[in-house]
Amino acid sequence: MTLLGVVNYLVRRNAAFFIVLPVYAVVSSVLYWAGWLHSDVIVTSAIFFIVILGLDLLYGCAGLLSFGHVGFFAIGAYSVAVLAAQFAIGPFESTVVGMLINVVLSYVLGRVCLRLSGSYFMLGTLAFGIMVHATITVAYTVTGGDGGLGGIPRPQIGGVALTSDLSFGILVWGCAIILFWLTYSLSKSKVGRAARAIRSDEVAASCLGVDVGRLKMNIFIISACFASLGGSLFAMYNGAVHPDSFSLATLLDLLLMMFFGGEGTIWGALLGTTFMRLLPDITGNLHGGKILFTGILFTVIIFVLPRGIAGAIYDLLERFKKPRADLGKTLVGDVPFTLERPAATAGVLLRLEGLSRNFGGVRAVDDVSFNVRNGKIRGLIGPNGAGKSTLMNLISGTLPLNEGCVKLEGRNIEGLGAHEIARQGIQRTFQHERLFSHLTIIENIMVGHERGADGSLREMAVCALGLPSALKSEIAARQEAGKWLASLALSDYADAAIGKVPHGLRKLVEVARACAARPILLLLDETVAGLNDSERVAFKNVIRALRDKGLVIVIIEHDIDFIMDLCDEISVLNFGRKIADGTPAEIRVDSQVKEAYLGT
Amino acid sequence: MDSVVQVLISGLSQGSIYALIGLGFSVAFMASRILNLAQGSYAVLGGFVFLTMVSSYRLPMPVAFVIALLVAAGLGIATERIVNLRTRPWKPVSLDMAILSTLALLVLFEGAAFLLWGSDPKRGPSIQNGVVSIFGALVSWQSIWTMASAAVIAIGLHVFLKKTWVGRAMRSCAQNAMMSHLLGINVRRIGAFAFALGATIGATAGILVSPITWLDYQLGGFFMLNGILAYLIGGEEDVAGPIVGGLLLGLVQNIFLLIPGATGGLLKQVVPMLILILMLVFRPQGLLQQRRA
Amino acid sequence: MKNIHRMAVAAFCVVFAMISVDRTNAADPIKIGLLLTYVGPTAVFARYEDKGARLVIEQVNKAGGINGRQIELVNYDTEGKPDRAASLYRRLATEDKVAAVIGPDSIFVLLGMSGIPSEVKVLSVAAPGLYELVQPQNRDYIVSAWAPNTFSGTLVLGYIKDKYKAKRVGMITTSDVIGQSIANTVRTMASAFGMEVVEVASQPASDRDLLPSLRKLAGVEPKIEALYVFGSGPFANIAMNQSELAGINVPIAYNGGNVIPDLVKDLSPETAKRTFLAAARSTVWSTVPAADKKNPVIEKFLTDYQAKYNEAPALPAAVGYDMALTIVDALKAVGDDREKLREYIKTKQKIAGAQGVDFARTAAYGYGSDPSELAVASVENGQFVFRGYLKDSLDRIGFTKDNVNAKMRELKLIAE
């Protein structure tokens, strides 16, 4: 792949950046000359755009709705103000100080709140925001409290103080555009996909290999830094700070900016912030009715434009797309699976020894042991409630086990996190299909190929900058995913939302997603349920093809005939215990199995 | 010594109000699993309607009370309808949508209050004027009525939830909406009823408190925050949770007044938030609830 | 295709020209900014100030304007947000190109942007109740037109010393920076009058149960002889009403934002009778002694306002009137050059205002008006009534104008 090809791909992928900015520039210029858009609105739009970029990364991508970013914003502003007033420290240095403080605070807050569920996360971050506001007001000897703190100098570049709207605006817009590029690239890269995977389904994401905890924390910290920068620029622009500028009303403004523009789109933030900054000028003379108007506007936006303006534009564009080919052709073409490396041990790939798991007083899995051999397909059957899915959860690391050990290629993997087990080479599907609803079909498979993301800052930097190495692997991932889609006759649906594809096919996409990660062991949990007869036949062929290519498979199913036909070896569970183990022929005549399924 | 008692009684009195708002949250959450951020607005609007009925229209207080409750109930039902505008019993509203739409309604109610009643704080009539001395502390009769009403409402609600069919239906809707729907329970209607009930409890709080603390259009957010805190501190234990949480919150906030000087009053704002975060970390299920498996 | 292109370009040019032409008016008016807070808890003040200011401007325009040029008000709403006020002030200066600005009106908003007028070099005629919190370096471009300000509010202690011979004062105030700053001022002025502030109790401004603080003050031994209340809104009303409950039955000196009849109607009658505050004479005009009534400015203001708006003006209306009057008077004298306006107002102007005081921003006058020219008022039946003149009380306790100025210098309220 030539460098030109890579650049071409980057430009096409980040097309929105190259379209939205010029259009915005032209429209705002026209409005400015017409006297409807004022320079202070243009400058402050950029400042808040920076904040919302971070917020959209946190919510739109990773699905974490923080009510506390006003706090980071305030600290960024007050760092500049206090350091300038008390210690005469210049704006650039104090911006850095503010950001460092916010990194520490966001790390602590993240440790506390990121493991909390949705509404508790919001409340925890809200508490933080309120504490910051209260502290600013309370510590008035340092912060000036309700008396405000003024005398913040504008930054100087090359000896020139940026006192005019134009000069300061250039600085702010420069920062905004750079951050826009970085954030947009990040959201379109594997990190963005991994984040949306987390938003869609955290458990499935970690089973694919996404380091959920680390990625969430890093995104949280980065979004706090964005807010910090915005706050510092805000303070510099106004020349003074006052607690009233960092209250819950400001939080509301931030939320509106993000939602009106279109959460998740990143570039929607540009529209949202400009609109909200422009709104007071539009409603100027309403005076008393202003708050009511805002409330009505907010309500209307949520219901009429739930995905904001950007979302509405995307919906509009959908209508102009070519209609897709009908589904219904039987699949499947050649299965594009390649084993990444041969198994390290001959013979037994996976060894389960004495696995147990309790739920309160119930022993869901009770001392289960068996071996999974290379080149074989192992079936796992049993009546409802026998513990099959639980056992699969133990192997994949989704649930911690109470006793026993799991050895993959001779290495102990019990106790590892789900994403670490995924990186060891185990992939799985789920009983209730868990495709990522915030990703398109092809992106789902790409996440598999990319094995999520390790969530490290280094990886995020590489992706944000759009370095050739990251782009090349992304192009490769897209090609591989495309091959999988072709084999499922879904090429036309690459960019479709997962809801556009029927249930049965979605389950096959889930298998493709797992296989795209090039595992050495594939766990399938009742994948066949919901497939019609021809789909089942196709599925059997897929499994056999995968086995022939060297993938070891463990499959849970209720359809006994299906299992008997497909598997080389079968384990049977009942009430958490393994009651039988052997070839299909042996299992068929086993008396304990018959008793378990049919009664005596 | 009597300053300690004074502070304690102020704390309990304020805490009763938080407890009532928290109860309103609890009732709505119980039936729908939606945190209604507009809960605080019912207190403000209910209180405003009550005082307007009494002062401008010269209606007797009980009549005005009923009217205010009816208005609040209507607003509660409207809230439920709006939040659930695009949902089905098998497809409940997502958490984010619920939070955002109730937040939008909070702003809407605030705007309506500003338009209708302006920016000045207003107060309504007390049930009983005057003060009484208890252990050397001065307590207004209104405070006593407030605490008594909170107790009565709490007990009544508890009985209602345990003994009546509607109460039990509410709790089943919370635990499993789809199953309740399949069992023939009209989930939407129960939800609307719960919201209406929560709103009337909130309105009662506003009516009780307006003679003491005045009401202004911005208090919706303040009540909401403290009500949520009360609810979280106490835990999801239906009725007892918000009551305990609210009283504790009121006490904690007022204890700091014993610290002389400006520091005490200032700590009062920061400490409740710290408590919230500590609760979220160490005991997210609240004080009364057992840790769930 | 080409024709359509040409037509599009032509149409665009026409529209552009129309927009541009529209922006340059033939008779080139003088622009003055009007920047008030129309939303939020202080919105009621803005409503009155707006009306008072517009009354002046309308009259001037009807009489032919300034040298044939009409005055145009450029009106923005700060919405109570200091950052928004900062942006709007800059906009008024650079884009709307106003000669001066009426406003901002709230002390919080002003403090959040007090450096801006100096930065853009446009004078702000503001209405903050506490000018003293504006930093000295920012006062070059900000003047106040609010006569009964917080400093004058402390002089009411002199009235109480004179009338009730009180010496021991207890104070209840808000626990924020403004409340604490006022406490210091009160302490200084009290000792200047030979009184003593024996105890200061503070609670957050949002608190509604002030019995803890009041009982603390009531418990001071020997008992306090006067109560000083600082606060606005319900805080102040509750403090005053609950004082009796707490066992404090002494005269109350009030200082704060409750200077409109609407805001004091909750005071119980007994409390209202013994509450005293500094008030502009226009607010107590109906009860002012007849001998003083020959004030043409106040008379004209009251008559014109009633005629135009069909309601009695409250204090902020007079403030708005005086803010506009300050600028109009200067415009008549020196024209609409920004620096000349500022220089005139800061150094040469002496103007009688509708509040009943003379405004002058020279060193002799401190930062706007002579505080002792104010009246002392009580509240009766929801109205402010005249009780005496500050000046008379200060004279009787031997506190001269020079003493006042010396104290103001000591408190850094005026320079040199």
Q. A:Phe72: farther than 25 Å from B:Leu280 by Cα, in contact with a Leu (Cβ under 8 Å, 6 or more places away or on another chain) and touching a residue at least 24 places away in the same chain (Cβ under 8 Å), yes or no?
A. no
Q. What residue, among those in the range A:408-443 that are among the polar types (S, T, N, Q) and assigned to a loop (DSSP other than H, G, I, E, B), is farthest from A:Val528 (Cα to Cα)?
A. A:Ser437
Q: Could you tell me whether any residue of the range B:103-118 is assigned to a loop (DSSP other than H, G, I, E, B) and either at the interface with chain A (Cβ under 9 Å from one of its Cβ atoms) or among the basic types (Lys, Arg) (or both)?
A: yes
Q | Residue satisfying all of: in the range C:73-113; assigned to a loop (DSSP other than H, G, I, E, B) and of a type in the set (Asp, Glu); farthest from the chain's Cα centre (by Cα) among these | A | C:Glu95
Q: Please indicate, with yes or no, whether at least one residue in the range A:144-159 is surrounded by fewer than 18 Cβ atoms within 10 Å (Cβ to Cβ) and within 13 Å of chain C (Cβ to nearest Cβ).
A: yes
Q | Filtered residues of the range B:6-45 (kept if of a type in the set (Ser, Thr, Tyr), within 12 Å of another protein chain (Cβ to nearest Cβ) and under 11 Å from the mean Cα position of the chain (by Cα)) | A | B:Ser41
Q: Quick one: count up the residues across the range C:158-196 that are within 14 Å of chain B (Cβ to nearest Cβ) and among the aliphatic types (A, V, I, L, M).
A: 6
Q.
Among the residues of the range A:276-295, are any among the hydroxyl-bearing types (Ser, Thr, Tyr) and surrounded by 24 or more Cβ atoms within 10 Å (Cβ to Cβ)?
A. yes
Q: Would you check which residues across the range B:59-102 are in contact (Cβ under 8 Å) with a residue 40 or more places away in the chain and at the interface with chain A (Cβ under 7 Å from one of its Cβ atoms) and list them?
A: B:Ile99
Q.
Any residue at all in the range A:190-199 that's outside any helix (DSSP H, G or I), within 11 Å of the chain's Cα centre (by Cα) and modelled with pLDDT under 95?
A. no
Q: Quickly run through the range A:90-143 and pick out the residues that are outside any helix (DSSP H, G or I) and at the interface with another protein chain (Cβ under 7 Å from one of its Cβ atoms).
A: A:Leu116
Q) Does B:Leu232 qualify as being within 14 Å of chain C (Cβ to nearest Cβ) and at pLDDT below 90? A) no
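Rundown of residues vs (1) surrounded by 21 or more Cβ atoms within 10 Å (Cβ to Cβ); (2) part of a loop (DSSP other than H, G, I, E, B), yes/no style:
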{"site": "C:Lys308", "(1), (2)": "no, no"}
{"site": "C:Glu311", "(1), (2)": "no, yes"}
{"site": "C:Pro316", "(1), (2)": "yes, no"}
{"site": "C:Lys332", "(1), (2)": "no, no"}
{"site": "C:Ala354", "(1), (2)": "yes, yes"}
Q. Counting only residues that are modelled with pLDDT under 95 and over 11 Å from A:Gly455 (Cβ atoms), how many does the range A:207-233 have?
A. 2
**Q.** Output for the range C:52-99, where each listed residue is in contact (Cβ under 8 Å) with a residue 40 or more places away in the chain, within 13 Å of chain A (Cβ to nearest Cβ) and not aliphatic (A, V, I, L, M)
**A.** C:Asn75, C:Tyr76, C:Asp77, C:Thr78, C:Glu79, C:Gly80, C:Tyr89, C:Asp96, C:Lys97
Q) A:Ser164: of a type in the set (S, T, N, Q), within 13 Å of another protein chain (Cβ to nearest Cβ) and over 30 Å from C:Leu92 (Cβ atoms), yes or no? A) no
Q) Residues in the range C:100-113 that are among the aliphatic types (A, V, I, L, M) and within 10 Å of chain A (Cβ to nearest Cβ): how many? A) 5
**Q.** Complete set of residues in the range C:309-340 that are over 20 Å from C:Ala280 (Cβ atoms) and in contact (Cβ under 8 Å) with a residue 12 or more places away in the chain
**A.** C:Ala330, C:Leu331, C:Lys332, C:Ala333, C:Gly335, C:Asp336, C:Asp337, C:Arg338, C:Glu339
Q) Can you tell me which residues in the range A:45-75 are closer than 11 Å to A:Thr125 by Cα and in a helix (DSSP H, G or I)? A) A:His69, A:Val70, A:Gly71, A:Phe72
Q.
Step by step: first the residues of the range C:114-128, then only those that are in a loop (DSSP other than H, G, I, E, B) and out of contact with any strand residue (DSSP E or B) (no Cβ under 9 Å at 6 or more places or on another chain), then the one that is nearest to the other protein chains (Cβ to nearest Cβ). Which residue is that?
A. C:Gly115
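To keep it simple, each residue is scored yes or no on (1) surrounded by 24 or more Cβ atoms within 10 Å (Cβ to Cβ); (2) without any contact (Cβ under 8 Å) to a residue 40 or more places away in the chain.
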site: B:Leu183; (1), (2): no, yes
site: B:Ala194; (1), (2): yes, no
site: B:Asn226; (1), (2): yes, no
site: B:Gly235; (1), (2): no, no
site: B:Pro242; (1), (2): yes, no
site: B:Leu249; (1), (2): yes, no
Q) With respect to the numbered conditions (1) crowded, with 18+ Cβ neighbours inside 10 Å; (2) touching a residue at least 40 places away in the same chain (Cβ under 8 Å), which one is the sole condition not fulfilled by A:Leu83? A) (2)
Q. Pick from the range A:521-551 the residues that are part of a loop (DSSP other than H, G, I, E, B) and out of contact with any Leu (no Cβ under 7 Å at 6 or more places or on another chain): which of them is modelled with the highest pLDDT?
A. A:Glu526
Q. So, of the residues in the range C:214-253 that are at positive phi and assigned to a loop (DSSP other than H, G, I, E, B), which turns out to be farthest from the other protein chains (Cβ to nearest Cβ)?
A. C:Gly231
Q. Has the range B:148-163 got any residue that is among the charged types (D, E, K, R) and in contact (Cβ under 8 Å) with a residue 40 or more places away in the chain?
A. no
Q. Scanning for something touching a Cys at 6+ places or on another chain (Cβ under 6 Å) and surrounded by 21 or more Cβ atoms within 10 Å (Cβ to Cβ), does the range B:1-20 turn up at least one residue?
A. no
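Conditions tested, residue by residue: (1) in contact with a Cys (Cβ under 7 Å, 6 or more places away or on another chain); (2) buried (at least 24 other Cβ atoms within 10 Å of the Cβ); (3) away from every other protein chain (no Cβ under 14 Å).
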| site | (1), (2), (3) |
| --- | --- |
| A:Trp181 | no, no, yes |
| A:Lys190 | yes, yes, yes |
| A:Ser200 | no, no, no |
| A:Val203 | no, no, yes |
| A:Cys225 | no, no, yes |
| A:Ser228 | no, yes, yes |
| A:Ser232 | no, yes, no |
Q | Condition met for B:Phe25 (part of a helix (DSSP H, G or I), under 26 Å from B:Ala151 (Cβ atoms), at pLDDT below 90 and touching a helix residue (DSSP H, G or I) at 6+ places or on another chain (Cβ under 8 Å)) | A | yes
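The values are calculated or read from the model by the stated rules, or taken from the named source; none is laboratory data. In this text, all values refer to a predicted model and were calculated from it rather than measured experimentally. In this analysis, Cβ positions are derived from the backbone assuming ideal geometry, glycine residues included, and neighbour counts consider all displayed protein chains.
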